[in-house]
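One structure below.
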Amino acid sequence: MDNKRYGHFDDQHREYVITDPKTPWPWINYLGNEDFFSLISNTAGGYSFYKDAKFRRITRYRYNNVPMDNGGRYFYINDNGTVWNPGWKPCKTPLDFYECRHGMSYTRITGRKNGVEASVLFFVPLKTWAEVQKLTLTNQSKEVKKLKLFSFEEWCLWNAATDMENFQRNFSTGEVEIEGSTIYHKTEYRERRNHYAYYHVNTEIQGYDTDRETFVGLYNEFANPDAVMEGKPRNSHAHGWSPIASHYIEVELQPGESRDLIFLLGYVENEQDKKFAAPQVINKDKAHATIEKLNTTEKVDKAFAELCQYWDALLNIYKVHTGNDKLDRMVNIWNQYQCMVTFNFSRSASFFESGVGRGMGFRDSNQDLVGFVHQIPPRARQRIIDIASTQFPDGGCYHQYQPLTKRGNNDIGGGFNDDPCWLIFGTVAYIKETGDFSILDEMVPFDNQPGSEVTLFEHLKVSMDHVIKNLGPHMLPLIGRADWNDCLNLNCFSWDPNESFQTTENKSEGSKAESLMIAGLFVVTAKEYVELCKKLSENSKNSEYSEEAKRMQVAIDAMIAAVKKDGWDGEWYLRAYDFFGNKIGSHECEEAKIFIESQGWCTMAQIGAEDGMVAKALDSCKKYLECEHGMVLNNPAFTKYIYEYGEISSYPEGYKENAGIFCHNNPWVIIGECIAGRGNDAWSHYAKILPSYVEEKYQTLHKVEPYVNCQMVAGKDAAKPGEGKNSWLTGTAAWMWLTVSQYILGVKPQYDGLQIDPCLPTTAKEYTIQRKFRDAEYTITVKNPDGKESGVKQMIVDGKPIDGNIIPYSAGKHAVEVTM
Ligand code: BGC
Ligand code: NOJ
């Protein structure tokens, strides 16, 4: 491994600074916090969309293209025949200086060439449906510079899926309007659509182009568009083909002079009766209004300052000071930032997720919100209601839904039997954070059907019932199409490569396979449910809740008994029983003798702790699953396809669900370690997948962004162990956050207050946490003079010792001293 570095952390500015544009893979960032979003790479590649990366794609992007990362917002500078871009691409003219700073919802890219500096700040202002691109050109030379500047965006014809395939139609439908310095994209506006996009610059332009082939030239590339190379716009007006937006601006700069240009890429929806200003002319009022708000440097700087304050406030809710920069920067900045991003996008749009395939996952979103709920609880609340609205009356769930329509996705359907439990997981986290029990009284439909509304609490109840009404021959939960592991398809039985592993069920008798992962997940979430029912009965004095708590406790006890009886392999928990009742994840199996998911969930559930099962299972994870880069999903890897198992056994050894380090489930085991009080083991597992701890590895081996977790790192059985893939959108973000914030540093929201229960490596001596919680703010100092791994000896709140380790909630500022 060479030790080349492509960038470094700048904690003071909460940025990652990339100093070489040729990163081993595009290193990206996300702009936008609520409705209008953009993806942006370190060379300004990427695209924008409104709410839904499939249905409302605003600009075009070419996934998996040659060269990689093709399409984006490009500025071309023609300086007396030398043509270059501030972000190096697409011209790739060597720059005298290059830097990309990815920050909290903004990116700043700076390039210098022949005495000219071009610095572009990209961000989406709060509550605004537009991306701002503030370009600052500075003449650092001693001569007058006459620059020919071309901007460039390529419009997507709204639906990103059909945009990539339906060319017989697409090539005829594109329409634009040009008004002053604004280019409008209005394809299909005359029919059912009521939305358009625009690209504006706050100065007079000397020309423009809106037809791609005219601008680029049919035999050229983005790297050498005709218009740019000749320094002459064509003033083309697109009719069909591929509409683009390019401004042409002549900029003259005296030595030392600097000039800002504000570009705005925006999106508008009009009311049906206000669509047109004149026949076939779109009503531009809303675009004008947004432009008016952002047409000067002062206005844009103010909007940027507001965005920075917004992030300051978000990152002030939970802040740790351990003195260990590598830990502090992940906890205080990047892990929380990644949690917001995964909350916003689930698994829909990244450089690995094309934005057309997967919408919002039911289980994914419930997990993501747990990493986000402390930041903006009302958004988490709304998300819970949206998710629950896609549930079926029997407690089953649509596996995914579209963010724009909020409707369940029929292509994938339901039948993933872990899904219902996650609704409890998400809802309880919300209530514990906020104390807002009223969410349980919200009336929420099934499958979005008006008239079907019941309370959210009722949704939780049917979720639990879905598990206990679907038990298999060993009284363990039926797995359905799959549990958390989408690729363990135990009811698929497919020999036909044209069948989907996710949706095919080739046995008409229905599902008989059982999952130990769901068993553990059920015990964990049902315990939460019981605690919730008890709390509700206490709050309301309604005995129905205490009866419900008792009912579910019986089910929990039965599940624990079933796991102990038929779910234990001697050294670890089994993974599943297949359709024929054969064990999966047992020492008796030829391959994949042990899986991580059931170790994680059954240890978190503490099943058989009193008999030593938990400790043994955790030890087995260290022995069989752990490797240099983390814990693999299963061991040994499958080397041949097993038709009883499905997709997992069809993957190459060491990748993805077949023995890759699927980072998402490492924290499950780490939390299991924490609950067992094994701080040293917990920490060593955690540090292996903590990006800042292995930053060097990211530069040349993992290859993906060093500031966030990726979904998968190739495991020990892989051809290239250590390669990272599928960065950004992964449940790993929320789970890493839970692990460190609640279990390692040990600050856990409970109904009545904050519980303090750290689990530390023996080397940890002292740290301080600032935690805003409801209307209170706590400064918590934890001291570990004797190098303990767990157990709180004494807690002093505002100068008074308290019993137990829960700080009783009360508004205001409090100082807490904790001694281990
Ligand atoms: C991937 C899984 C994913 C599933 C559903 C599989 O190919 O390996 O990680 O959850 O598809 O999209
Ligand atoms: C990615 C999916 O989004 C998630 O739901 C699933 O649990 C994992 N893959 C594991 O298969």
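When the accessible area of region 13-94 is computed with all protein chains present and a 1.4 Å probe, what percentage of it is carbon and sulfur?
Ligands and nucleic acids excluded, carbon and sulfur reach 47 percent.
Excluding LEU95 itself, what net charge comes from residues whose Cβ is under 13 Å from its Cβ, given Lys and Arg +1 and Asp and Glu -1?
0
Calculate, for region 618-739, the solvent-accessible area per residue in square angstrom, rolling a 1.4 angstrom probe over the heavy atoms of the protein chains.
Result: 25 Å² per residue.
Kindly flag which residue pairs out of LYS765/LYS793; LYS319/LYS772; LYS326/LYS432; LYS51/LYS127; LYS565/LYS616 have an alpha-carbon separation exceeding 18 Å in this structure.
In this structure, LYS326/LYS432 exceed 18 Å between Cα atoms.
In square angstrom, what is the accessible area per residue of region 280-369 with a 1.4 angstrom probe?
Using a 1.4 Å probe on heavy atoms only, each residue of region 280-369 averages 33 Å².
As a test question: what accessible area, to the nearest 10 Å², does ASP496 have when a 1.4 Å probe is rolled over all protein chains in place?
Per-residue accessible area (ASP496): approximately 60 Å².
Taking all protein chains as present, what is the carbon and sulfur share of the accessible area of region 181-287, in % to the nearest whole number, probe 1.4 Å?
On the way: 2160 of 4650 Å².
Accessible surface attributable to carbon and sulfur in region 181-287 totals 46 percent.
Kindly sort ILE675, ILE689, ILE468 by accessible area of their heavy atoms, largest first, with the probe set to 1.4 Å.
ILE675, ILE468, ILE689
How much net charge surrounds PHE446 when only other residues with a Cβ under 12 Å from its Cβ are counted (Lys, Arg +1; Asp, Glu -1)?
Net charge around PHE446: -4.
Count neighbours as other Cβ atoms within 10 Å of each site's Cβ, and list the GluC sites (Glu not before Pro) in region 73-159 that are DSSP loop with at most 15 such neighbours.
Working: sites: GLU99, GLU117, GLU131, GLU143, GLU153, GLU154; in loops: GLU143.
Sites meeting the loop and neighbour criteria: GLU143.
Go through TRP495, TRP572 and list them by solvent-accessible area, largest first, probe radius 1.4 Å.
Details: TRP495 185, TRP572 15 Å².
Largest accessible area first, the residues go TRP495, TRP572.
Taking only protein heavy atoms into account and a 1.4 Å probe, give the accessible area per residue of region 133-234 in Å². Write down the numbers at each step before the final one.
Details: 4310 Å² over 102 residues.
Per residue, region 133-234 has 42 Å² of solvent-accessible surface.
Net charge near GLN502: determine it from the other residues with C-beta under 12 Å of the C-beta of GLN502, scoring Lys and Arg +1 and Asp and Glu -1.
With Lys, Arg at +1 and Asp, Glu at -1, the neighbours total -3.
For region 560-662, give the percent of accessible area contributed by carbon and sulfur heavy atoms, probe 1.4 Å, rounded to a whole number.
Ligands and nucleic acids excluded, carbon and sulfur reach 50 percent.
Sequence neighbours fewer than 8 away in the same chain don't count; with that in mind, list the lysines whose C-alpha is under 27 Å from LYS640.
LYS507, LYS512, LYS583, LYS593, LYS622, LYS623, LYS656, LYS716, LYS720, LYS725
Using helices alone, what [θ] at 222 nm do you get for the chain, with -39,500 (n - 2.57) per DSSP H run of 4 or more residues, divided over all residues and rounded to the nearest 500?
Result for the chain: -7500 deg cm²/dmol, rounded to the nearest 500.
Show me the GluC sites (Glu not before Pro) within region 493-601 that DSSP assigns to loop and that have at most 14 other Cβ atoms within 10 Å of their Cβ.
For GluC sites (Glu not before Pro) across region 493-601 that sit outside H, G, I, E and B with at most 14 neighbouring Cβ atoms in 10 Å, the list reads GLU499, GLU509, GLU588, GLU590.
Can you give me the solvent accessible area of GLU257 with a 1.4 Å probe, rounded to the nearest 10 Å²?
70 Å²
Checking the cross-link filter: which lysines have an alpha carbon closer than 27 Å to that of LYS142, excluding same-chain neighbours under 8 positions apart?
Leaving aside lysines fewer than 8 places away in the same chain, those within reach of LYS142 are LYS89, LYS92, LYS113, LYS134, LYS232.
Largest first, what is the accessible-area ranking of ILE802, ILE431 with a 1.4 Å probe? Let's see the in-between values first.
Values: ILE802 45, ILE431 0 Å².
The residues order as ILE802, ILE431, largest area first.
The values are calculated or read from the model by the stated rules, or taken from the named source; none is laboratory data. Predicted model only: the values in this text are computed from it and were never measured. Neighbour counts are summed over all protein chains in view; Cβ atoms, including those assigned to glycine, are modelled from backbone coordinates with ideal geometry. Quick note on the areas: whole protein, heavy atoms, side chains included, nothing else; ligands and nucleic acids left out. Shrake-Rupley method; radii C 1.70, N 1.55, O 1.52, S 1.80 Å.
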